[in-house]
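The values are calculated or read from the model by the stated rules, or taken from the named source; none is laboratory data. Note that the structure is a prediction, hence the values are computed from the model and not measured. In this analysis, Cβ positions are derived from the backbone assuming ideal geometry, glycine residues included, and neighbour counts consider all displayed protein chains. The protein model used for the area step is the full one, side chains on, heavy atoms only, and it has no ligands, DNA or RNA in it. Shrake-Rupley method; radii C 1.70, N 1.55, O 1.52, S 1.80 Å.
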Amino acid sequence: MHTSIGIHVGEVIVDANDLVGDAVNVASRIESFAVPGGVMLSDAAYDQIRNRSDVSVVALGRFRLKNVGRPYELFAVDAEGVVVPDPRALEGKGEHYASLPSNLPAPETLLLGRRDEMDALIELVRAHRVVTLTGTGGVGKTRLAIELARLISPEFLDGVAFVSLSEVSEPEAFVPELAAALDVKESEERSFGDGVATLIGDKHALLLLDNLEQVVGAAPDVAKLVERCPNLHVIATSRAPLRIAGECEFPLETLDLPSESDGLVLSSILASPAIGLFVDRGRNARAGFELTEDNAEAVVGICRRLDGLPLALELAASRLRLLSPHVLFERLSHALDALGPGPRDTPERQQTLRATVDWSFSLLGEAEQRLFRRMAVFVGGCWLDDLEAVCADSGDPLLDQLASLVDHALVRVDLRRDRFSMLQTISAYADELLAASGESGSISMRHARRFVALTEELRGDMEGDGLVRGLERGIVEDANVRASLDFLLTAARAGDEDALERGLQACGNLLIYWHVRGQNLSARERANAFLGEDHKASSLGRSQALLTSGLALWMLGKFDEAIVEWTEAHEIATALDATRERCMAPSLLGLGFLGKGDSTGRIWTKEGIERSHSAGFPWAEGLARMVDGLLLMLAGDLDAASEQLTAALTIQKRLGDHDGAGVSLSG
């Protein structure tokens, strides 16, 4: 017998024969959403297991349950032998909310020493529409803001969305980045700002905008959004206030240090938040580490030397793997004395952070320093294979060097994905070193070549049987791909023909990736930027980029312009006898005529079918047959249309081409 289970966490009343209370009612309502053999969790239950790697769940959305006060986000357990319901099966069981994504990052460490600040901030967020946490880099703004959002989230029933702006450097990129985080798609009929405002509307929602100092010039966009969305609240982290109406600034200071009057009394010292953080992180670095009468003076000296700056304390505590507190204090003192102050026009605590990273860098060997600075070229992290391809020289023991960077807390590793990254501040420091080394151009070119090769892999997946795999990999590496295209375009504008061709080919490789993600405007802009630098008449890259630009134009309703670009792509591909492009171009030309309502486009789809079939390119054959079927429908030959669409659907189902299959089915 298959059973269904609903799980909720809350307070209950136990009597002699039963359990009663609101939590029991909620669990019962949630169980009603489960299918036989399924297990459903409330958001409260999910919070208890969200950090467990052995439990997988599928988010199903936010629902208002019958006779229950607030909406609940529901999750289905996804495990062998457990049934996950089709979201369509939930229709009618409760009112589904189109809410913001509840995507707060799960903290990896405890938040220490911020109780008073947290109490004050909770009241400020309740009283003000915009609260900005300001302070120097490394002071802990992001960690505090995430915990603040988590604690106050029950008061925002329509969702709490976390938006990281760490990779955004221009104010005009703020709204598109916000739209991407909220899954608002591109459209020529409306701006990104209108799309975001429409999504939020009058919802009781909370946005956490992290690292806004990178694009503080976008403050007017934040003000407009708050004005248009009457129930929206915003928490921002920034090194400077936004200076907009209604903003409440909360300057976040470094952690309190022990008072001079406390002397070296252990209980008094441990009451200091700075000492508490250092000791806690020290325990993570060295098993059994504790504050003792023997090391108290050195520990207090370290925390004072670092001004109680959380990031600096964590970096220093990581050295306890190798050094005693006494030696650590001596080394830190010497490093600070030797390095001297930072620029006079930077905040004092920012200089201290620079000194801390300088000191960490000075402990590395020459090969480790080289790897550290080269890693600055990555945006949003990287895999080990990428590091080896971009940063390693022949014979380098890269794993040993990388392990040292991780041990020194200069590189972070996500063990769930085996992915490596740097904190933003540390990455900026490494980038300065890379620029000063004279090898920035060569390493950036290695990076660009690596990710152009990745775009070719993505094309193979998405034009083969790996659509989902390619899409997921592309999303993870999107920032690296964009950075590589930016570098190649700069090089192309400086006259580098190899960079130009690689950029053109990369744009061609991303045709389906950009299409599936709905990034038509971006696709057109990227492809056109390279095409505008191309003065050759017949390169393979030009043919490929024209296919991408044409599809973007077609999606934007510019059918005649798309046909012009696809015609040129077809001519180049024919002259070069380029197999893939000779299959793709005629099929897309047929699509162009379909957009115009002209069934004579079948002359092109017939060519596409024949070439794709003979070339053994089933994805392109499925596309050609699908377009041909739609053109036959346009011509009124419904039987022939059905035959072609059925043939297309068979190919698309075999390949897992869900996007194409949906069109064939609807046709």
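Quick look at the values:
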item	result
Degrees, to the nearest 10: 141-152 long Cα axis against longest axis of the chain	80
Ranking by accessible area, most exposed first, for TRP619, TRP604 with a 1.4 Å probe	TRP604, TRP619
Accessible carbon and sulfur surface of the chain relative to its total accessible area, %, 1.4 Å	50
Distance in nm between pseudo-label sites at ILE603 and LEU433 (7 Å out along the Cβ direction from Cα)	6.3
Positive-end extreme of charge dipole, the range 85-239 - chosen from ILE200, LEU157, LEU112 (charges on Cβ)	LEU112
Cβ crowding within 10 Å averaged over residues, with 180-191, 579-590 ranked highest first	579-590, 180-191
For PHE250, distant residues with modelled amide H under 5 Å away	THR132, LEU133, THR134
Label point distance in nm, ALA479-GLU293, each placed 7 Å from Cα along Cα→Cβ	4.9
Reach of LYS606 by Cα under 20 Å, taken over aspartates and glutamates that are not fewer than 8 positions away in the same chain	GLU463, GLU565, GLU568, GLU571, ASP577, GLU581, ASP598, GLU621, ASP628, ASP637, ASP639, GLU643
Relative contact order of the chain, defined on C-alpha pairs under 8 angstrom at six or more residues apart (%)	7
Cβ-placed point charges (K, R +1; D, E -1), dipole of the range 354-416 about Cα centre in debye, nearest 20	320
By accessible area with a 1.4 Å probe, ligands and nucleic acids excluded, highest first: order of LYS596, LYS66	LYS66, LYS596
Interchain or long-range residues, amide H under 5 Å from PHE63's placed H	TYR72, GLU73, LEU74, TYR97
Karplus 3J(HN,Hα) series, Hz, for the range 290-300 with 6.51 cos²θ - 1.76 cosθ + 1.60 (x for Gly, Pro)	8, 7, 10, 4, 6, 9, 4, 4, 5, 5, 4
Within the range 110-133: backbone nitrogen closer than 12 Å to the ASN284 label point (7 Å, Cα to C-beta)	110-112
More than 48 angstrom apart: percent of Cα pairs within the chain	25
Accessible surface of GLU643 - all protein chains present, 1.4 Å probe, nearest 10 Å²	130
Probe 1.4 Å, protein heavy atoms only - accessible area per residue of the range 512-667 in square angstrom	42
Tilt relative to the chain, helix 497-509 - C-alpha long axis, 0 to 90 degrees, to 10	80
Only Lys, Arg (+1) and Asp, Glu (-1) charged, at Cβ; the chain dipole about Cα centre in debye	360
0 to 90° range, to nearest 10: angle between helix 348-362 axis and the chain longest Cα axis	80
Subset of LYS141/LYS185; LYS596/LYS653; LYS66/LYS185; LYS185/LYS558 violating a 23 Å alpha-carbon distance limit	LYS141/LYS185; LYS596/LYS653; LYS66/LYS185
Helical mean residue ellipticity (222 nm; -39500 (n - 2.57) per DSSP H run of 4+; nearest 500) of the chain	-17000 deg cm²/dmol
Relative packing of 133-142, 482-491, which averages over residues the other C-beta atoms within 10 Å, highest first	133-142, 482-491
